[in-house]
Structures are given as structure tokens and as C-alpha cells.
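Engineer: Got a structure for you, written out below as C-alpha cells; questions coming shortly.
The values are calculated or read from the model by the stated rules, or taken from the named source; none is laboratory data. Bear in mind the structure is a predicted one, so any value in this text is a computation, not a measurement. FYI the Cβ positions are ideal-geometry reconstructions off the backbone, even for glycines, and counts take in every protein chain you see.
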Amino acid sequence: MESKTAEELLQFIGESPSAFHAVDTMKRMLDARQYEQLLEGDTWELSPGGKYYVIRGGTSLIAFRIPSAKIKSRVHGGFRGFQIMASHSDSPTFKVKENPEMEAEKAYVKLNVEKYGGMLIAPWFDRPLSVAGRLIVRENGRIVSKLVNVDKDLLLIPSLAVHMDRQANEGHKYNVQKELLPLYGMIGAKGTFLRAVAESAGVSEEDILGHDLFLYNRVRGTIWGAEDAFLSSARLDDLQCAFASLKGFLAAEAAAEECESIPVHCVFDNEEVGSSTKQGAASTFLADTLVRINESLGRTPGEYRQAIASSFMVSADNAHAVHPNFAEAACPTNRPVLNEGIVLKYSANQKYTTDGVSAALWKQLCENANVLYQTFLNRADMIGGSTLGNLSGNQVAVCCVDIGLPQLAMHSPYETAGVKDTEALVRAAKALFESSVEESGYGSYRLIKSGC
């Protein structure tokens, strides 16, 4: 099962070269299970037992299920709270600028790009790349979005030979505007880039009014190592968690008839650049959705706040494993490794939201799912990054825990993880979505399994 889940993850990532494609892939998975798409601009009419999802900005998605009618007879208002798992759809990459083509030496055409997110730059050199994202086009008097993936080895960022840079292996500070511009073609290809992109999308170049195009690594994901212990792929951070969350969410459907809370699979965009966008974790997307669910079921604002008090959020974003060659970079006593389970993340400055209560709830969920967990903290003399939980908490203040799957080479265009760990998070997510949390006083909670 662990290997099968790992293979499914690699297929999911292969179909998701951009955040737009990741959400579209999830949309197709939900459509296949008869979930109904809701539009934010429409009136929502939700029904007991209904299955729904809503998309914002093309790159963020929230899916949820309404408890069955029989739950209303034993839970006031029809549901107890929300059980949420949040991940993100974006990864560090390069975004194609407007008017991207640049002539070089009257012989070559390269593309003008800019960094998106904090990345490891060196691994982007000398590997096949292409572009994916969306085009904004005219169509029958309307402006519409079209997904595009130029599915060929289209670009490459060539290194400077060591003969011309004798200090190349002694440390280097990269200048993105000078050194990271991908080579597109010979001078005869000048003026053809957007035409090639338009052809891939099946539209006319003249109808393109805008674009959001990103580079992506064309090297396919693989399972490797002794006993097939490892998997490597682009965009493991954070599509590994997004995939596991959705798999667990769908697997929990079998318990939907008994579930007293609303399970919420949530995927935000723009985590890698701060989340402060209309579809990011700091936006109103989650709060708007939960409030509309409450209103559509005829509940009062006070009942919404009661539901929030008995809700639980899991902020799922990948974590650093101890590096086999840089063991000193890890905390002396909290040192997660690949294939040893889900990572529970702590931070005194609340960059991670985990506290004693939320950690206890998560540990109990892992025990219920029979999966391993381990712990991560940064070294006290190193500044760590932040993630989804503390940002979304500004809009939806729920009990929250930060977790992730252990990986190496985070923010490289080709990252590495353990084959076993994705299945562990699928099982833990299933346990979350089959459960409810009952708040009974400050710091006092009860985790309720479906049917109990």
C-alpha cells in the first residue's frame, strides 16, 4: 500500500506542473466522486449529506461534506464543528515576465523571468524545463482562463563552464537577472514564444490578454534507493501534503453517515510568497467558506462561533528531515528522519501553531490511525520559516497544529522524501476527517470518533 500510494503521488505531481494544474487535478478527482462545484458569486443551497467544493483564483480549493440528516437528531444545529486540514498548492519557481523574449549575442533568444518564493537556485541549472500556468484570453465576447502546459523540453538554464569561472565550486552568489534566464532558442525563434504557448492551449496568440506562466522541472519523479526507500520529485513541498489530505478526505466518505463534524480539505496558494493574497492562507477564503456553510444551513452567527470552538485545524506543510551530510544543522534532540512518520512541528515564536493541547489531539489522532509521528524544532540559533496555520488563524481562530512530512532538499526543483510517509499522512487525514472535537472548557477537549 505504501508503494502504491507513492506511485499515485508521483502521478498526481506529474499532472500538476503549476498551482493551477494542481487545483484542476484535485477538481477532477472530486468531480469523479460526484462533488458539486459551488461558485462564490452564487447563492449556496446546501443539503444534508451533500458533497461540495469551491475554488478561488484558480489555485486555491476548499472541499467539504455536510453531515447526514440523522446527525441533526443528536447534535444541535446539524453539526458539531469543522475538522480542517490545510496545505498549499504553490512551490518555489520562476515566473515568466511580461514581454519575456530577450536577444543575446544576436544569436540566441532567452526568456526574462523573476523568482517566485525562496528557492535553492543551483539545482535549476542544466536540466530540462518548460512552462505551465494559465492564459487569459478573449472568447465569444468574454474573458476566460485557459490552462496551459507546454508538454515538451522547451527551456534550459546553462551553467558557465568551470574553465571560465575557476571559483565556481567555492561558493557563488547568484544574480537572477543575469544568470538565471532560460535559453529558449536560436535567433530565428524570436517572436515565437507566446505563439508556441498559445498553440499548446489551443488558442490564438492575438486573443491572449494576460498570462501567469511559471517554469517547471521536466525530470519525472522516481522511486529509488536500496529497498526502494526514497522518492524524489519536483514540488513535494507541498503537493505531497495536499495529495495526502485529499486522499484521506475521500477515504473518510465511508464514515460520512456517522460523522458529527464537517470535514474540510483546504488548499491555499501563495504560501511561498507570504500568503497575503485573495487566495492565500491570510485571506478570507476559509472564513468566507465556513460562514457561508453556517448560513446556508440556517444557523445563527452565535452557532457559528460555537462550532469554531469545537473545531480543529491541521496545518500540513512539509518538514525538514535530518540531512545525512549536515547533521549539525538539526536540533540536538528533535531530529526527524525519512520513513519514520509524520512530523509534529513546534516553535516558541508561534511560526508553527502547535501547543500542548493541539499536539495532544494530533498524537491521539495518529494513535487512532496507527501511524508513527516524530517531532521537529529548529536549532535555537537558526530562524525557521512560517506556514499556513498562524496566518489562517487571523481569520479563523481554531485550535491548530502544524505538521508535515519529512523531506530533504526542501525548495529544490527536485526534492526527496520517504516512500512510507505519504501513506501515513493519508491514514492520519482519514482519522481526522472521521472525527469530531468537543471543547468543554479552556484546554479541555474530547476527540470523538464517528459513530461514538
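Engineer: Given the conditions (1) surrounded by fewer than 18 Cβ atoms within 10 Å (Cβ to Cβ); (2) touching a residue at least 40 places away in the same chain (Cβ under 8 Å); (3) in a strand (DSSP E or B), which single one is not true for C400?
Structural biologist: Result: C400 fails condition (1) only.
Engineer: Additional query: With the requirement that a residue be in contact with a strand residue (DSSP E or B) (Cβ under 8 Å, 6 or more places away or on another chain), surrounded by 19 or more Cβ atoms within 10 Å (Cβ to Cβ) and modelled with pLDDT under 95, what does the range 366-389 give you?
Structural biologist: Across the range 366-389, the qualifying residues are F376, L377, T387, L388, G389.
Engineer: Tell me which residues, restricted to the range 206-247, are buried (at least 24 other Cβ atoms within 10 Å of the Cβ) and of a type in the set (D, E, K, R).
Structural biologist: R235, D237, D238
Engineer: Show me the strands (runs of 3 or more DSSP E) entirely contained within the range 128-196 in which 1 or more residues are touching a residue at least 40 places away in the same chain (Cβ under 8 Å), loosely packed, with under 14 Cβ neighbours inside 10 Å and not assigned by TED's automatic domain parsing to the domain that holds K97.
Structural biologist: The strands (runs of 3 or more DSSP E) meeting that bar number zero.
Engineer: Please find, among A251, A229, the residue that is in contact with a helix residue (DSSP H, G or I) (Cβ under 6 Å, 6 or more places away or on another chain), modelled with pLDDT of 95 or more and over 23 Å from A19 (Cα atoms).
Structural biologist: A251
Engineer: Here is a further query. Could you say whether any residue in the range 234-253 is in contact (Cβ under 8 Å) with a residue 24 or more places away in the chain and assigned to a loop (DSSP other than H, G, I, E, B)?
Structural biologist: yes
Engineer: Filter the range 411-428 for residues that are within 20 Å of D269 (Cβ to Cβ) and buried (at least 23 other Cβ atoms within 10 Å of the Cβ) and give the result.
Structural biologist: P413, E415
Engineer: For the range 305-346: of the residues being surrounded by 22 or more Cβ atoms within 10 Å (Cβ to Cβ) and of a type in the set (D, E, K, R), which is nearest to I223 (Cα to Cα)?
Structural biologist: Checked the range 305-346; the qualifying residue nearest to I223 (Cα to Cα) is D317.
Engineer: With E340, E303 as the choices, which residue is closer than 17 Å to C241 by Cα, acidic (D, E) and either at pLDDT below 95 or assigned to a loop (DSSP other than H, G, I, E, B) (or both)?
Structural biologist: So the residue among E340, E303 that is closer than 17 Å to C241 by Cα, acidic (D, E) and either at pLDDT below 95 or assigned to a loop (DSSP other than H, G, I, E, B) (or both) is E340.
Engineer: Out of Q37, Q83, I need the residue that is free of Cβ contacts under 8 Å to residues at least 24 places away in the same chain, in the same structural domain as V264 (by TED's automatic domain parsing), part of a strand (DSSP E or B) and in contact with a helix residue (DSSP H, G or I) (Cβ under 8 Å, 6 or more places away or on another chain). Which one?
Structural biologist: One residue alone meets the criteria, Q37.
Engineer: Follow-up question, since we're still on this one. From the list E98, E103, E114, which one is under 30 Å from F193 (Cβ atoms), out of contact with any strand residue (DSSP E or B) (no Cβ under 7 Å at 6 or more places or on another chain) and part of a strand (DSSP E or B)?
Structural biologist: Going through E98, E103, E114 in turn, just one is under 30 Å from F193 (Cβ atoms), out of contact with any strand residue (DSSP E or B) (no Cβ under 7 Å at 6 or more places or on another chain) and part of a strand (DSSP E or B): E98.
Engineer: What pairs come out if I take residues in the range 12-23 that are outside the structural domain of V131 (by TED's automatic domain parsing) and among the basic types (K, R) and pair them with residues that are assigned to a helix (DSSP H, G or I) and modelled with pLDDT of 95 or more whose C-beta lies under 7 Å away, six or more apart or interchain?
Structural biologist: none
Engineer: In addition: Filter the range 265-293 down to the residues that are more than 24 Å from S18 (Cβ to Cβ) and either crowded, with 22+ Cβ neighbours inside 10 Å or touching a strand residue (DSSP E or B) at 6+ places or on another chain (Cβ under 8 Å) (or both) and list them by number.
Structural biologist: L290, I293
Engineer: Name the residue, out of A316, A321, that is out of contact with any helix residue (DSSP H, G or I) (no Cβ under 9 Å at 6 or more places or on another chain) and either among the hydrophobic types (A, V, I, L, M, F, W, C) or at positive phi (or both).
Structural biologist: A321 is the lone residue from the list that is out of contact with any helix residue (DSSP H, G or I) (no Cβ under 9 Å at 6 or more places or on another chain) and either among the hydrophobic types (A, V, I, L, M, F, W, C) or at positive phi (or both).
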